[in-house]
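A short write-up of the structure that comes next.
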Amino acid sequence: MSDLETQEAFAPGTAPGEGIAFEILGDAEFPTADMSLSIGPAHPATHGVFRIVLEVSGERIKSATPVIGYMHRGFEKLAEHRDFRQIKALVNRHDWLSGFSNELGVALAVEKMLEMEVPDRAQWIRMLMAEWNRILNHLMFVGSYALELGAITPMFYAFREREDIQHLMESATGGRLHFTYNQVGGLKVDLPKGFMRQSHGLSKLLRSRLPDYKDLVLGNEIFQARTKGIGPLPADVGLSIGVSGPTLQATGVAEDSRVTEPYLKYGEIDVHVPVGENGDSFDRFYCLLHRIEASLDIIDQIHDHMPAGPVNQKLPKMVKAPEGATYVRTENPLGQLGYWLESDGGRTPWRLKMRTPSFSNVQAIPYLMQDTLFPDAISILGSVFFVVGDIDR
Amino acid sequence: MMESASVTAEVIVAQAVSIFDVGDGFVLPVLIKLVFVLALFFVLPLVGGYLEHKAMGRMQARRGPVEAGPFGSLQLVADGIKFIQKEDLIPRAADKWVFAIAPGVALVPAMLIFLVLPFGPGVFALDLELGLFYALAASSVSVLGVLMGGWASANKFSLIAGLRAGAQLIAYELPLILAAIAVAVQAGTLSLVGIVEAQANFLIPGTEINLWFVFPQILGFGIFFVAALAELSRPPFDMPIGDSELVFGYMTEYTGIKYAMYMLTEYAGMISMSALTVVLYLGGWQLLPGVPLPGCEAGGGLFDCSPVGVISGVLITIGKIMALVFVMVWFRVAFPRLREDQLQRISWLVLIPLSLLNLAVITVAKVVF
Amino acid sequence: MAATSLPGTGLLKGLGVTIKHLFREPSTQMYPHERPDLAPRTRGVIALMDENCTVCMLCSRECPDWCIYIESHKETVPPAKEGGRARTRNVLDRFAIDFSLCMYCGICVEVCPFDALWWSPEFEYAEYSIDGLLHEMGRLREWMDTVPPPPQLDEGAELPAEVADAIGKVEQERELAAAKEAEAQQAAEAPAEGGGEKAAAGAAPKQAEIHVEAGQIDQETYDALIAEGKSERMARAKAKAAWVKKEKARLRAEQEAERGGAGGGDAAEQPAAAAGDAGDGDAADTGEAADAGAAPAKRRLSDVEVEGDGEIDQETYDALIAEGKSERIARSKAKAAWVKKKKQEQLDQEEGG
Ligand code: SF4
Ligand code: SF4
């Protein structure tokens, strides 16, 4: 509706001597009209170009419709014209906060098709990197979610931590976001000297800093008032929508493919999956924060297990996947990432279909935002944890 | 106590002389006072802003500004120059006149409060008999500028922000004033200078121990400070700005100098509300309860001062103001934002009943002792 | 989930966390004033060693966004010896990388079969105009000076084939030397016990840490830096480091001298002396140094640890500036020159004994 109509609806008629009175239009006692409010495509809370159209009555939301596609980059089509080495550089860009985990998925898919045995050491290093990448990703959301609720400080602490982790990962991979460290059959190059020691020290350091987040954010009464009971997602609804990762775990479902369908060497270590109870914003954040702790536990176990040996193997000049198709799913930081890889035997895939966690997670938004207040919409939006590039691909 | 109150009243009449009242003329003192108020108005917010930048930075494991001036102290001046250079955008659909004057409407009342704030012995422009009333009245006008800006921007986010600011003002003006009334009752005057003096002379009944009003009225102090935060839209009550929800609230469409005016209003508001708190509860320019200033004779060691006394008095006041500003910054750093309805609930269900209770207790105590 | 005790404790804890940080050192890196400490593998900019490039076009073909431009022509090389066949070879005319398109994937560096492309961690080449990001051959060649030697690998890593070979050889030598020494010792033990002790002292690992208390400053360095227009603080810090280094070098030289006096058939302990190629001239050539860096077998320039690579060689620097090179390039070259010099000095001292 236009602003003009609003003005009409609220047109004040003055009754002399009686102050301002509202002239009442229509039959209803106090007619108001709904307003449609676009959050995005460029809104601070959407972390990218993502849009939600809200129908609001005052600050109460009648309906919410996510509008996606502003950031569509055609990854699936691009991948059909790239060989596997190039695809690796491509996929660590759809969810730019989980570069390593993304490329890992592609490498695993190709290796599965080739029925290739990856050296043990490579697998353990991949796990180590994937877990550091997970923490890197989660810290970002710990910071940004708090920021969305108006707490500015956790963001800075989170970035301080992220800087340390990025520095660590950079020393091995050369990249800070786009690692391109995997290759079919292993890793590009082994860890540099001193990496394990630093990794160990960093995990200790992070452990000592995690209580700060709990005190500053999780335990804060204002934070709890803003998140407890906001946007509860029942487990069955969550499953039917297809949410995954912390968003699903918050509903009480301990689904995590590191546990339920272990890849790499996750079967050989303990993986703790924190779960929530009510599936509300608080639980989602709770799971996110505790997943960092769980990842640190995993990292410590990896430190104890790390074998010596080669990290890659001799590859043919051009890696070609044999004819056929496969599906590989991994637990990305934000949830289930699946790659459906179909090959006709050529050097490029015939089809690469991505099942990205963010895309499924945002499907829950209309359900969650129904009949909430506008500020709660932000609290919900921030807590379903998505990366816009990962939605649109 | 009744006796002492009447004595106090007499003393006030004798002491409430500004050091700027030089000579017999009219023009000269007025000019000096104007310069004084303007200087305070432009310098103190900068100091407060710098404190905010630095303290916030350090608390967030950063350094804050470092490049502009020594230790980055001229950052806000540099920002000001930048804002002046920026293009002044007015949205096409905006209500142009209202849009243009709104920042001024917010800014001027913030400046007017400085007229009555006492910063030291005799260091004030005016000692109105209704000083407290005037200050609270002036402070609430600023919100009008916010509402106007929110409406005139022709932006839905700004509109929501303006309405939130209005609702917030209504909800928090009441506890603010009720808390302040309790102080006025205890002091027996509405004059801000008089309130400072009353604190210097307030003794615990039956003893010789001097106390500031913050001790008997700790509840009122808390209410006043929280309500002041809400009125200034400082975190955790910054819903009218709410950058993650409302983009930048009522300031979304403002650029350049107008935006700078809103920012200045915010910082000036922080200073003036802190100064009011200092005057009402923290003994004004007294260093510690019962400790006279050096070189001051009259009125419990707070008036008729030598230059040393005046300067130390001013420094003490500003020190206290900055301490309160620091607390505001600290809250901003540590807390997330409340939701609008939660804020209203806190006001109507907690703060207002409590402030009424506070007022009742103080009034009864005043009559009894 | 935390059972909340008193209302408000959460708020107080939040205040506590933030005030705690007020008194901690901030974690800001003062970037333009302090250089970031980037890992050698950092993908900052691509450097080209054009003499290695054979114009095989692999990089250009594999680049996912085709941002490498190569032009070349064929040349006929006269036969090397009388009666031989004339060969043709490709000569590189143009090699350019458009960094406005590059996505820093590293594929080109990875695929180049002739080690002509290298990553350097330098990153300060932002431009006001986008065409400035198209780096031609000359510019790419200049980056070569900033390429650091690759880091040594983790303990658990499998060694590269060449290194493994080299280590095998050294091990053999060591075994031989050890056997010899054992014989010698047996022989020595009989006449006098003192001899054995002496030998042991001689063989004491020379890596023994030399500790030098910081405190004094190296006036020379200090003056030089001040003259260069550096801030006093920086100059002082650097001069201090320089003093410590000099002092260390002096102490080490003394030690060496002592050891030299003590004498000892510790060839195995000091492969550098055994190998005899310590001053290998091209060790400073970064590419070569890279290989050497991974090989613990030979003691070469690259094995000498030099502290504080923040120093620059003033002479080189001035010369380059005079030549009209950019300050950045001059600095990095001068830095390399300094390190090389220092290493050489140290090595000479070590060998002096
Ligand atoms: S790094 Fe990747 S994108 Fe850049 S030039 Fe090399 S291959 Fe091309
Ligand atoms: S791959 Fe290496 S040798 Fe071949 S053209 Fe590229 S830089 Fe030259």
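The values are calculated or read from the model by the stated rules, or taken from the named source; none is laboratory data. Everything numeric here is computed off the predicted structure, so don't read it as measured data. All Cβ positions, even for glycine, are placed from backbone atoms using ideal geometry, and neighbour counts span all protein chains on display.
Before we move on, is C:PRO64 more than 8 Å from ligand 2 (Cβ to nearest atom) and surrounded by 12 or more Cβ atoms within 10 Å (Cβ to Cβ)?
It is true that C:PRO64 is more than 8 Å from ligand 2 (Cβ to nearest atom) and surrounded by 12 or more Cβ atoms within 10 Å (Cβ to Cβ).
Hey, among B:PHE133, B:PHE83, B:PHE71, B:PHE157, which residue is at positive phi and part of a helix (DSSP H, G or I)?
On the way: B:PHE133 fails: at positive phi; B:PHE83 fails: at positive phi; B:PHE157 fails: at positive phi.
Going through B:PHE133, B:PHE83, B:PHE71, B:PHE157 in turn, just one is at positive phi and part of a helix (DSSP H, G or I): B:PHE71.
What is the residue count in the stretch C:97-121 for residues that are more than 16 Å from ligand 2 (Cβ to nearest atom) and more than 14 Å from chain A (Cβ to nearest Cβ)?
Residues that pass the stated criteria total 1.
Does B:ILE352 satisfy the condition of being part of a helix (DSSP H, G or I), buried (at least 18 other Cβ atoms within 10 Å of the Cβ), β-branched (Val, Ile, Thr) and more than 14 Å from chain A (Cβ to nearest Cβ)?
Judged against the criteria, B:ILE352 is a match.
Please enumerate the residues belonging to the stretch C:144-169 that are under 25 Å from A:MET196 (Cβ atoms), more than 20 Å from the chain's Cα centre (by Cα) and in a helix (DSSP H, G or I).
Correct list: C:ALA161, C:ALA164, C:ALA166, C:ILE167.
Can you find a residue in the stretch C:78-96 that is surrounded by 11 or more Cβ atoms within 10 Å (Cβ to Cβ), charged (D, E, K, R) and either within 14 Å of ligand 2 (Cβ to nearest atom) or on the phi > 0 side of the Ramachandran plot (or both)?
Checking the stretch C:78-96: at least one residue is surrounded by 11 or more Cβ atoms within 10 Å (Cβ to Cβ), charged (D, E, K, R) and either within 14 Å of ligand 2 (Cβ to nearest atom) or on the phi > 0 side of the Ramachandran plot (or both).
Taking B:ILE195 and the conditions (1) more than 22 Å from B:MET270 (Cβ to Cβ); (2) under 16 Å from the mean Cα position of the chain (by Cα), which numbered condition does it fall short on, given that it satisfies the others?
(1)
Here are some conditions: (1) within 14 Å of chain A (Cβ to nearest Cβ); (2) surrounded by 23 or more Cβ atoms within 10 Å (Cβ to Cβ). B:VAL146 meets all but one. Which one does it not meet?
(1)
Can you tell which of B:ALA39, B:ALA94, B:ALA55, B:ALA78 is buried (at least 19 other Cβ atoms within 10 Å of the Cβ) and either free of Cβ contacts under 8 Å to residues at least 40 places away in the same chain or over 24 Å from C:ARG24 (Cβ atoms) (or both)?
Only one candidate qualifies: B:ALA94.
Take A:TYR213 and decide whether it is more than 27 Å from A:GLN313 (Cβ to Cβ) and more than 10 Å from chain B (Cβ to nearest Cβ).
yes
Residues being within 14 Å of chain B (Cβ to nearest Cβ) and not in a loop (DSSP other than H, G, I, E, B): count how many of those fall in the stretch A:33-63.
Residues that pass the stated criteria total 18.
Which of the residues that make up the stretch A:185-206 are closer than 30 Å to A:LYS320 by Cα, more than 10 Å from every other protein chain (Cβ to nearest Cβ) and at pLDDT 85 or above?
Quick first cut of the stretch A:185-206, residues closer than 30 Å to A:LYS320 by Cα only: A:185-192.
Applying the additional criterion that residues be more than 10 Å from every other protein chain (Cβ to nearest Cβ) yields A:185-187.
Listed by number, the list holds a single entry, A:LEU187.
When only residues in the stretch A:290-309 that are surrounded by 18 or more Cβ atoms within 10 Å (Cβ to Cβ) and within 11 Å of chain C (Cβ to nearest Cβ) count, which is modelled with the lowest pLDDT?
A:MET306
Please indicate, with yes or no, whether at least one residue in the stretch A:218-225 is within 10 Å of chain C (Cβ to nearest Cβ), modelled with pLDDT of 85 or more, crowded, with 17+ Cβ neighbours inside 10 Å and within 17 Å of A:PHE385 (Cβ to Cβ).
no
Take residues that are free of Cβ contacts under 8 Å to residues at least 12 places away in the same chain and within 26 Å of A:TYR266 (Cα to Cα) and tell me which of the strands (runs of 3 or more DSSP E) falling wholly in the stretch A:310-393 contain 3 or more. If you could, list the steps in order and put the result at the bottom.
On the way: elements: A:324-332, A:335-343, A:351-355.
Qualifying strands (runs of 3 or more DSSP E): none found.
Name every residue in the stretch A:86-127 that is within 16 Å of ligand 1 (Cβ to nearest atom), surrounded by fewer than 24 Cβ atoms within 10 Å (Cβ to Cβ) and basic (Lys, Arg), in order of residue number.
A:ARG93
Of the residues B:ALA187, B:ALA154, which is modelled with pLDDT under 85 and away from every other protein chain (no Cβ under 13 Å)?
Only one candidate qualifies: B:ALA187.
Among the residues of the stretch B:230-274, count how many are within 13 Å of another protein chain (Cβ to nearest Cβ), aliphatic (A, V, I, L, M) and surrounded by fewer than 24 Cβ atoms within 10 Å (Cβ to Cβ).
Qualifying residue count for the region: 1.
What is the residue count in the stretch A:80-129 for residues that are within 11 Å of chain C (Cβ to nearest Cβ), within 25 Å of A:SER171 (Cβ to Cβ) and among the charged types (D, E, K, R)?
Residues meeting the conditions: 6.
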